[in-house]
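Student: Sending over a structure as structure tokens; questions will come in a sec.
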């Protein structure tokens, strides 16, 4: 059985919703990690993404108004802020046996520290549940090809039952 679960699917299909549901359902393992939230203006137009840690810290990960060379589409990324947050979280040394990351994507891969950190988690004893970009080269492709990772594709048809299936899988591994 694969040690880690990677959740992928088309944008907007419900990957982050699934990650948040798993976080709620797996509280018995005191999971550590983070998920993302969209930042929208008063007109409902998406302007960026906020990273929220499971211990309550927040960081604007990317925003249309963020300057700098690290951009995905119209969003500029705060690589330095992201790396500071990763260091504060120090998930590799967390006592939690379950780590949750939303997401391993193009934006996050601007950070070499993130890549190194995810690699150490994958090589370590903890169970990692992470969302991962459906498309992507380099590190994203490498992670998806690892034999210790099970890739789960979220679709509109399966998204409502995936949480209970994945909760049962994680509970049987950890138990």
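The values are calculated or read from the model by the stated rules, or taken from the named source; none is laboratory data. All values derive from a computational prediction rather than experimental measurement. Ideal geometry is used to build each Cβ from the backbone, glycine not excepted, and the neighbour counts take in all protein chains shown.
Student: Looking only at region 90-109, count every residue that is more than 28 Å from residue 10 (Cβ to Cβ) and either modelled with pLDDT of 95 or more or part of a helix (DSSP H, G or I) (or both) and tell me the total. So that I can check it myself, show each step before the final result.
Tutor: Here is the first cut: in region 90-109, the ones more than 28 Å from residue 10 (Cβ to Cβ) are 90, 92-97.
Applying the additional criterion that residues be either modelled with pLDDT of 95 or more or part of a helix (DSSP H, G or I) (or both) yields 92-93.
The qualifying residues number 2.
Student: When region 124-149 is examined, which residues are found to be modelled with pLDDT under 95, over 27 Å from residue 74 (Cβ atoms) and surrounded by fewer than 17 Cβ atoms within 10 Å (Cβ to Cβ)?
Tutor: Hits for region 124-149 are 124, 125.
Student: Does region 110-119 include one or more residues that are surrounded by 12 or more Cβ atoms within 10 Å (Cβ to Cβ), in contact with a strand residue (DSSP E or B) (Cβ under 7 Å, 6 or more places away or on another chain) and assigned to a loop (DSSP other than H, G, I, E, B)?
Tutor: No, the conditions are met nowhere in region 110-119.
Student: On to the next question. Listed residues 36, 23; which is touching a residue at least 12 places away in the same chain (Cβ under 8 Å), in a helix (DSSP H, G or I), surrounded by 15 or more Cβ atoms within 10 Å (Cβ to Cβ) and touching a strand residue (DSSP E or B) at 6+ places or on another chain (Cβ under 7 Å)?
Tutor: None of the other options fit; the residue is 23.
Student: Counting only residues that are surrounded by fewer than 20 Cβ atoms within 10 Å (Cβ to Cβ), without any contact (Cβ under 8 Å) to a residue 40 or more places away in the chain and either more than 13 Å from the chain's Cα centre (by Cα) or closer than 13 Å to residue 33 by Cβ (or both), how many does region 86-109 have?
Tutor: Final tally of qualifying residues: 5.
Student: Of all residues in region 125-156, count the ones that are part of a loop (DSSP other than H, G, I, E, B) and either touching a strand residue (DSSP E or B) at 6+ places or on another chain (Cβ under 9 Å) or over 17 Å from residue 99 (Cα atoms) (or both).
Tutor: 14
Student: Looking only at region 156-175, which residues are farther than 19 Å from residue 127 by Cβ and either in contact with a helix residue (DSSP H, G or I) (Cβ under 9 Å, 6 or more places away or on another chain) or surrounded by 14 or more Cβ atoms within 10 Å (Cβ to Cβ) (or both)?
Tutor: 158, 159
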